[in-house]
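The values are calculated or read from the model by the stated rules, or taken from the named source; none is laboratory data. Note that the coordinates shown come from a computational prediction; the quantities given were computed from them, not determined experimentally. Quick reminder, even Gly has a Cβ in these numbers, built from the backbone with ideal geometry, and neighbours come from all protein chains shown. These accessible areas exclude ligands, DNA and RNA; they are computed on the full protein's heavy atoms, side chains included. Shrake-Rupley method; radii C 1.70, N 1.55, O 1.52, S 1.80 Å.
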Amino acid sequence: MYEGAIQDLIDELGRLPGVGPKSAQRIAFHVLSADPADVNRLSTALRKVKELVRFCTICFNVAESEQCRVCRDPRRTNEVLCVVEEPKDVVAIERTGEFRGRYHVLGGAINPLEGIGPDNLRIRELLQRLGTGEVKELILATDPNTEGEATATYLAIMVKPMGIAVTRLASGLPVGGDLEYADEITLGRAFEGRRAV
Ligand SMILES: [Zn+2]
């Protein structure tokens, strides 16, 4: 335990996901010895992300204006909608260059153990979007783990009666993992090989 400011920084860093006590301490001492200009850039970036970044009013991806870059792009098709859990999954799929439709970011997955049910996700907003009749195919690109599968199954049951084709990414993705950790080629192939559910 240290005194004052350095311990405050270690405590704050330690609350970040994936940062254990040892890493928190290492980062804190790195900051302490770093060039003041570098530390200023970091603190500005931290402040700006809270000031400027918000969620797209259409798809709930991160955005710096009312709508995100994908929703603003007129060259993309409205006929295919890809459902993902988090904004980071949008980035992973965009990296593959395989997808030219739109996204819908749920904000997580159904997880009864953590008290996350359908009402805690942006499913109502998804059904509203589908209600316009423009979407012909809904791609369920939730994570290939228990919660992601449960969410995909739930959505398939809700959406199929609407007469929309529902597909799920092909197998080949590492089971139990996060979509964002799949490499571009594997994820790209999973996209091409998506199957009806
Ligand atoms: Zn958007």
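Just the number, please: carbon plus sulfur as a percent of the accessible area of the chain, 1.4 Å probe, no ligands or DNA/RNA counted.
Carbon-and-sulfur percentage of accessible area, whole number: 54.
Hey, got a sec? Which GluC sites (Glu not before Pro) in region 116-197 land in a DSSP loop and have at most 16 other Cβ atoms within 10 Å?
Hits after loop and neighbour filter: GLU134.
So what is the relative contact order of region 41-120, in percent, for Cα pairs below 8 Å that sit 6 or more residues apart?
RCO, region 41-120: 25 percent.
What trypsin sites (Lys or Arg not before Pro) in region 74-157 are in a loop by DSSP, with at most 16 other Cβ atoms within 10 Å of the Cβ?
Listed in order of number, the matching sites are ARG75, ARG76, ARG100, LYS136.
Mean separation of Cα pairs under 8 Å and 6+ residues apart, divided by the residue count of region 44-197: what relative contact order is that in percent?
The value is 21 percent.
Please calculate how many Å² of accessible area the chain carries per residue, with a 1.4 Å probe and no DNA, RNA or ligand atoms counted.
Accessible area per residue: 60 Å².
Do the sum for the chain: with -39,500 (n - 2.57) for every DSSP H run of n ≥ 4, divided by all residues, what is the mean residue ellipticity at 222 nm, to the nearest 500 deg cm²/dmol?
Calculated mean residue ellipticity at 222 nm is -13000 deg cm²/dmol.
Note down the accessible area of ASP8, probe 1.4 Å, to the nearest 10 Å².
90
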